[in-house]
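Data first, discussion second: the structure below is written as structure tokens.
The values are calculated or read from the model by the stated rules, or taken from the named source; none is laboratory data. Note that the structure is a prediction, hence the values are computed from the model and not measured. Cβ placement follows ideal geometry from the backbone for every residue including glycine, while neighbour counts extend to all protein chains displayed.
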Ligand SMILES: *[C@@H]1O[C@H](CO)[C@@H](O)[C@H](O)[C@H]1NC(C)=O
């Protein structure tokens, strides 16, 4: 778990890209922190936006975990840029569903308009 969510190069790249775009680079894991230390302390470094940072970190780790499973069980291939986009799309959906803390972060929302769930958007 520590390797997957903290040590592996793919995770480091994803976390760096996500937190940079959100203006939250101070929340990145520090070399002195293990996984538990980081989960406790990382988001607290973004003062005044701790909940937002925690939500984004949680969401990122969840998406990394899901992609890891898709790679193992479904033959998916890891792509940093694509996962980062997926994380921000998810963040927008969470925000639209009521996770207001996420709005405190820089560059959220990232999409010009909310997803269109109208009948015309349903693929046939
Ligand atoms: C983040 O995940 C931790 C661990 O599951 C949980 O305790 C916390 O409530 C979550 N925080 C947010 C803001 O989602």
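Odds and ends about this structure:
- Condition check for residue 4: part of a helix (DSSP H, G or I) and free of Cβ contacts under 8 Å to residues at least 60 places away in the same chain: no
- Some residue of segment 45-60 being part of a helix (DSSP H, G or I) and more than 13 Å from the ligand (Cβ to nearest atom): yes
- Matching residues, segment 67-84, being part of a helix (DSSP H, G or I) and surrounded by 14 or more Cβ atoms within 10 Å (Cβ to Cβ): 67, 68, 80, 83, 84
- Residues being more than 14 Å from residue 56 (Cβ to Cβ) and in contact (Cβ under 8 Å) with a residue 40 or more places away in the chain - total across segment 12-30: 1
- Selection status of residue 95, assigned to a helix (DSSP H, G or I) and within 12 Å of the ligand (Cβ to nearest atom): no
- Test: residue in segment 24-43 that is in a helix (DSSP H, G or I), modelled with pLDDT under 90 and within 12 Å of the ligand (Cβ to nearest atom): no
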